[in-house]
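The values are calculated or read from the model by the stated rules, or taken from the named source; none is laboratory data. Note that this is a predicted model, so its numbers are computed, not measured. Counting neighbours? That spans all protein chains shown, and the Cβs are built from the backbone with ideal geometry, glycine included.
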């Protein structure tokens, strides 16, 4: 269940190759922590073989460099703070990796311009491919909507990468735990209903919202929109965790059916996401799960 959940987050938000985004942190985990087995060696070898494929453009380097940096920061955080839960370790790793990468781009702005242009081209190609699949059903309204989605995807691609990176780290840890088996103690990831993070991160969301609303220019607006989207996704997930805790979980079948209905009916999905966002934000101050626990007991 954990593997499917992390996999869904990784694929749903992926704007770079999911296989590489998961594989390289997994390879770093296996090389650093083991297990030292033939099975692990085969996995690492397969990951290395896959990652060398493709033309070496700026986007190719980013799709390899970012997962390596992500895996390295996670290994360091996990070794430095082994008692932290997974969500704290993963968030810290993504934050540290983002800070290091941002400093690198600050010193080499040309690389950022090339990367941004490459993302723009990829998003436009993806939109054209989607329109091609629809064929004759495409009209001007749908074409305009796809163009806006592609432009939004480019604007918030750092946040999309950050969210998918959290899922990729979770998937990497789950696969590594499976390879370890019972050889050694494994980090406990925990269930979705227990998901939470430091309440002080609310200021990241509020600060991003302030940058979006304040007339400070395009750079500030883009930084703010990425902060709002990234933290908003985390608060949506926290809201679902609160809901699951309150109803004592749901069956897999009910979750799949509910997800399909929400995807097919856009208004239902919008209301569901907004409700989860508000519930997640409210949990920062109200601590809903702790308040509800005495009533259940």
Next on the checklist: Being in contact with a helix residue (DSSP H, G or I) (Cβ under 8 Å, 6 or more places away or on another chain) and under 27 Å from residue 143 (Cα atoms) is the filter here; which residues of region 92-129 pass it?
Outcome noted: 114, 115, 116, 118, 119, 120, 122, 123, 124, 126, 127
Checklist entry - Are any of the residues in region 228-244 modelled with pLDDT under 90, in a loop (DSSP other than H, G, I, E, B) and not assigned by TED's automatic domain parsing to the domain that holds residue 173? => result no
Item to check | Breaking point among (1) surrounded by 18 or more Cβ atoms within 10 Å (Cβ to Cβ); (2) touching a residue at least 60 places away in the same chain (Cβ under 8 Å); (3) under 28 Å from residue 195 (Cα atoms), for residue 77 | outcome: (2)
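Scan region 41-74 for residues that are under 24 Å from residue 8 (Cα atoms) and surrounded by 13 or more Cβ atoms within 10 Å (Cβ to Cβ) and report the count.
Restricting attention to region 41-74, the residues satisfying the condition of being under 24 Å from residue 8 (Cα atoms) are 43-44, 46-48, 50-51, 59-60, 62-74.
Checking which are surrounded by 13 or more Cβ atoms within 10 Å (Cβ to Cβ) leaves us with 43-44, 47, 50-51, 59-60, 62-74.
Looking only at that region, the number is 20.
Give, as residue ranges, the helices (runs of 4 or more DSSP H) completely inside region 50-160 that count at least 3 residues that are within 28 Å of residue 31 (Cα to Cα).
Values: elements: 58-80, 86-107, 109-134, 140-155.
The qualifying helices (runs of 4 or more DSSP H) are 58-80, 86-107.
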Item to check | Number of the exception - residue 92 against (1) surrounded by fewer than 18 Cβ atoms within 10 Å (Cβ to Cβ); (2) within 17 Å of the chain's Cα centre (by Cα); (3) without any contact (Cβ under 8 Å) to a residue 40 or more places away in the chain | outcome: (1)
Item to check | Scope region 257-297; condition surrounded by 11 or more Cβ atoms within 10 Å (Cβ to Cβ), in a helix (DSSP H, G or I) and modelled with pLDDT under 55; matching residues | outcome: 257, 258, 259, 261, 262
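Looking at the structure I just gave you, is residue 3 surrounded by 20 or more Cβ atoms within 10 Å (Cβ to Cβ), under 21 Å from the mean Cα position of the chain (by Cα) and closer than 15 Å to residue 166 by Cα? Show your work before the answer.
Values: surrounded by 20 or more Cβ atoms within 10 Å (Cβ to Cβ): no; under 21 Å from the mean Cα position of the chain (by Cα): yes; closer than 15 Å to residue 166 by Cα: yes.
No, not satisfied.
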Checklist entry - Is there any pair with a first residue in region 35-64 that is free of Cβ contacts under 8 Å to residues at least 40 places away in the same chain and a second that is part of a loop (DSSP other than H, G, I, E, B) and surrounded by 11 or more Cβ atoms within 10 Å (Cβ to Cβ) whose Cβ atoms are under 7 Å apart and which are 6 or more apart or on different chains, and what are they? => result 60/54
Next on the checklist: Given the options 204, 252, name the one that is outside the structural domain of residue 26 (by TED's automatic domain parsing) and either surrounded by 13 or more Cβ atoms within 10 Å (Cβ to Cβ) or at pLDDT 85 or above (or both).
Outcome noted: 204
Checklist entry - Any residue at all in region 219-227 that is modelled with pLDDT of 90 or more, under 21 Å from residue 92 (Cα atoms), buried (at least 21 other Cβ atoms within 10 Å of the Cβ) and within 18 Å of the chain's Cα centre (by Cα)? => result yes
